[in-house]
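For reference, the structure discussed in these notes is given below.
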Amino acid sequence: MAKKKRPAPAPSPTAGDQPATLKDLLNPDVVQKLKAAGDELKAAEEKRREDLRKQAEYARKAEQKRLENDFGHLLEQSGMDWRKYK
């Protein structure tokens with residue numbers, strides 16, 4: 001049985017062979033400013049989400065407190081069978 005010839009693996013491209021990227025073309029100060037702006041936007045988005053979550057939690061707690069003081073709601077939610085205790 002003859003051995004099969006395997007094709008030689010293609011040589012990996014070196015760093016000098018790759019085309020220039022935008023990061024390589026931009027000034028490092030500009031790259032840092034863009035990264036800082038991106039971080040600020042992420043922080044602002046996270047703060048907005050946290051504020052929305054807190055606002056929703058506050059509204060839910062206020063509604064729960066209002067329902068706890070509503071006798072009709074408490075009577076509807078009561079699981080007791082009042083006929084047993086006549």
query = Looking only at the range 23-46, which residues are in a helix (DSSP H, G or I) and in contact with a helix residue (DSSP H, G or I) (Cβ under 9 Å, 6 or more places away or on another chain)?
reply = LYS23, VAL31
inquiry  = Restricting to the range 35-86, count the residues that are closer than 30 Å to LYS23 by Cα, open to solvent by 100 Å² or more (accessible area, probe 1.4 Å) and of a type outside the set (D, E, K, R).
reply    = 1
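The values are calculated or read from the model by the stated rules, or taken from the named source; none is laboratory data. Note that the structure is a prediction, hence the values are computed from the model and not measured. Note that we place each Cβ from the backbone using ideal geometry, even for glycine, and neighbour counts take in every protein chain shown. Remember, those area values only see protein heavy atoms, side chains included, never the ligands or the DNA or RNA. Shrake-Rupley method; radii C 1.70, N 1.55, O 1.52, S 1.80 Å.
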